[in-house]
Amino acid sequence: MDRAEELAMFRTALEIAGLPPNVAALPTDHQMIVGTMRFHHLDWGGSGTPILFLHGGGLTAHTWDCVAAMLRDHFRCVALDQRGHGDSEWSPVVDYRVASHVGDIEGFIDSMRLERPILVGQSMGGLNSIAYAIRHSDKMRAMVIVDVAPEISAPGADRIRDFASTPELDSPDAFLERAVKFNPIRNPAVLRRSLYYNLRETPAGKWTF
């Protein structure tokens, strides 16, 4: 998919969300080394108060595209692919502890020179934001937590884990079918766009998260 097709898909997502398509503009992609790992992030630009967006488990920085498009005129919007997600590196020692995520966030904020950012975290990103705030509340302006609480519902976590552990499938459409069953209230066009950023083709021609 080229940039024109990617932009058209973004406009469709904005329209479905009830947002004006004229705000559609793709962010810039960047790579950065934090500690010993490579991280990918999206930068929407802007010169206002910085917002660092942290996605949920099994998702990517593109989770926040529509939100960032609406806020970029008033805030500096940056979205991070957390370790093992999106285009960031997987942990070579399979370390996905909250403390390790917090260390990544600390290093990323320092490297980006984000002065007293607002943290916006969804699900896993929300838990990581809470853990970061416990250590660094004096370095934050505010925090927004989406779809998670300090105590996690075990059945809900198991359901998400089962979906995220989907084995290799034959096509993106096969993943879309599973995604629609998992979350039937979301528009399939939005789910297809999310999967575009979250699937990879294997050397054997199969598709996987």
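A few notes on this one:
- In region 27-49, residue nearest to Met140 (Cα to Cα) [restricted to those that are touching a Phe, Trp or Tyr at 6+ places or on another chain (Cβ under 7 Å) and either of a type in the set (Asp, Glu) or surrounded by 14 or more Cβ atoms within 10 Å (Cβ to Cβ) (or both)]: Thr49
- Of the residues making up region 42-94, just one is of a type in the set (Val, Ile, Thr) and on the phi > 0 side of the Ramachandran plot, namely Val94.
- Some residue of region 165-184 being loosely packed, with under 14 Cβ neighbours inside 10 Å, without any contact (Cβ under 8 Å) to a residue 12 or more places away in the chain and under 21 Å from His101 (Cβ atoms): yes
- Among the residues of region 190-207, those identified as surrounded by 14 or more Cβ atoms within 10 Å (Cβ to Cβ), under 19 Å from His62 (Cβ atoms) and of a type outside the set (Phe, Trp, Tyr) are Val190, Leu191, Arg192, Arg193, Ser194, Leu195, Asn198, Leu199.
- Elements of the type helices (runs of 4 or more DSSP H) sitting completely within region 123-184 and holding at least 2 residues that are assigned by TED's automatic domain parsing to the domain that holds Asn198: these cover 154-164, 172-182.
- Residues in region 92-105 include at least one that is under 20 Å from Ala68 (Cα atoms) and crowded, with 17+ Cβ neighbours inside 10 Å.
- Region 8-32, residues that are assigned to a helix (DSSP H, G or I) and over 16 Å from the mean Cα position of the chain (by Cα): Ala8, Met9, Arg11, Thr12, Leu14, Glu15, Ile16, Pro21, Asn22, Val23
- Contact map, region 67-86: residues that are under 16 Å from Thr28 (Cα atoms) paired with residues that are assigned to a loop (DSSP other than H, G, I, E, B) and polar (S, T, N, Q), Cβ distance under 6 Å, separation 6+ or inter-chain. Pairs shown: Asp81/Thr60; Asp81/Ser88; Gly86/Thr60.
- Arg116 vs. criteria farther than 14 Å from Phe53 by Cα, charged (D, E, K, R) and either surrounded by fewer than 18 Cβ atoms within 10 Å (Cβ to Cβ) or not assigned by TED's automatic domain parsing to the domain that holds Phe209 (or both): no
- Annotation note: of Arg3, Arg83, the sole residue that is surrounded by fewer than 18 Cβ atoms within 10 Å (Cβ to Cβ) and basic (Lys, Arg) is Arg3.
- Single residue of region 129-142 satisfying the filter (in contact (Cβ under 8 Å) with a residue 24 or more places away in the chain and surrounded by fewer than 22 Cβ atoms within 10 Å (Cβ to Cβ)) that is farthest from Asp65 (Cα to Cα): Arg135
- Given (1) loosely packed, with under 13 Cβ neighbours inside 10 Å; (2) under 25 Å from Glu201 (Cα atoms), index of the condition Asn22 fails: (2)
The values are calculated or read from the model by the stated rules, or taken from the named source; none is laboratory data. Keep in mind it's a predicted model, so treat the numbers as computed, not measured. So basically every Cβ, Gly included, is an ideal-geometry build from the backbone, and we count neighbours across all protein chains shown.
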